[in-house]
1. Fewest first, what order do Glu182, Glu195 take by the number of other Cβ atoms within 10 Å?
2. Helix 165-177 versus the longest principal axis of the chain: what angle, 0 to 90°, nearest 10, using Cα atoms?
3. If neighbour count is taken as other Cβ atoms inside 10 Å, put Glu185, Glu173, Glu75 in order from fewest to most.
4. Please identify, among Ser49, Ser118, Ser65, the residue showing maximal mean-square fluctuation in a Gaussian network model of the chain using a 10 angstrom Cα cutoff.
5. For the chain, with the dipole built from +1 on Lys and Arg beta-carbon atoms and -1 on Asp and Glu ones, taken about the Cα centre, which of Val201, Pro88, Gln64 lies farthest toward the positive end?
6. Under 1.5 on a/c is rounded, so check that first for region 75-116, then, if it is not, pick prolate when a/b is larger than b/c and oblate when it is not; a ≥ b ≥ c are the square roots of the alpha carbon gyration tensor eigenvalues.
7. Apply the a/c threshold of 1.5 to the C-alpha gyration tensor of region 97-172 and tell me whether it is rounded, prolate or oblate.
8. I'd like the isolated cysteines in the chain, meaning no second cysteine's beta-carbon lies under 4.7 angstrom from theirs.
Amino acid sequence: MNDGVPEVQAEEGTIGPLRYGEPVYRGCDNCGRAVKIVPLLSGNTLGGSLWSDGYLEAPQLPEQSLLGKCRGCGEIVCLADLPPHPAPGIKDKSEDYTFVPLAPDDYEYLLANLDNVSAAYQLYIRIMFWQVSNHKRRGSGDVEPLSDSERDNLMELQKLLGNAQADRLIKVEVLRQCQAFEEAEALLADEAFDEGVMSIVERLRQLVAERNAGLVKLFSCEPEQEIPVHFHR
Ligand SMILES: [Zn+2]
């Protein structure tokens, strides 16, 4: 699989009402079966929530996956890289050609098999594994400890992050969730942040001061309100 990350993320940012394009069919590069992809033309963050791991939960902005599992053979495929496939005929219309979203186990499998992949692709997989593994913690007040593989992933993720503001905020959150509070504190104190993300910085400072390692919701918006700040890479 190669690195198609930037194109897919650029699509996701389009502002407007929630609007889908016509389904596109591509062929699984393992078994040749059709894989149906419904492109998102536009969306917005009205009524959404932003979590401290950067995960955006927005009813008007469904996640656009880069990877999926083929329902024919179960292989993980890079959706953007698959070749075109003719739309299924009338007699196949009842078949389910959608792809299966990846689960934490799938990302773990990919991380165990990272041969010669680009840093950008590895970063994408590590952030996805982190966020998808955190889904079990969303909405629960309990601080479920990180598993060994989650912790290993966060340690490796940290090494891939640079000095851009979004990277630094993710790094603070990685350190906080790993209970490396002093290091998180130092990053929050030393570096300059833009006015636009100061509400997030203040909240993270407060959580670090409380020695709270739990995943938290940073913003929870009303249906007519958009999420004020993003820190997506
Ligand atoms: Zn397949």
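Every number here is computed from the coordinates shown, using simple stated rules; none is lab data. Remember, predicted model here, so these are calculated numbers, not experimental data. FYI the Cβ positions are ideal-geometry reconstructions off the backbone, even for glycines, and counts take in every protein chain you see.
1. Numbers: Glu182 10, Glu195 6.
Fewest to most other Cβ atoms nearby, the residues stand as Glu195, Glu182.
2. It works out to around 80 degrees.
3. Numbers: Glu185 17, Glu173 25, Glu75 12.
Final ranking by Cβ density, sparse to dense: Glu75, Glu185, Glu173.
4. Of the options given, Ser118 has the highest mean-square fluctuation.
5. Pro88
6. Numbers: a/c = 4.83, a/b = 2.08, b/c = 2.33.
Cα axes put region 75-116 in the oblate bin.
7. Details: a/c = 1.59, a/b = 1.04, b/c = 1.53.
Taking the square roots of the gyration eigenvalues as a ≥ b ≥ c, region 97-172 is oblate.
8. Cys78, Cys178, Cys221 - these cysteines have no disulfide-compatible partner (Cβ-Cβ under 4.7 Å) in the chain.
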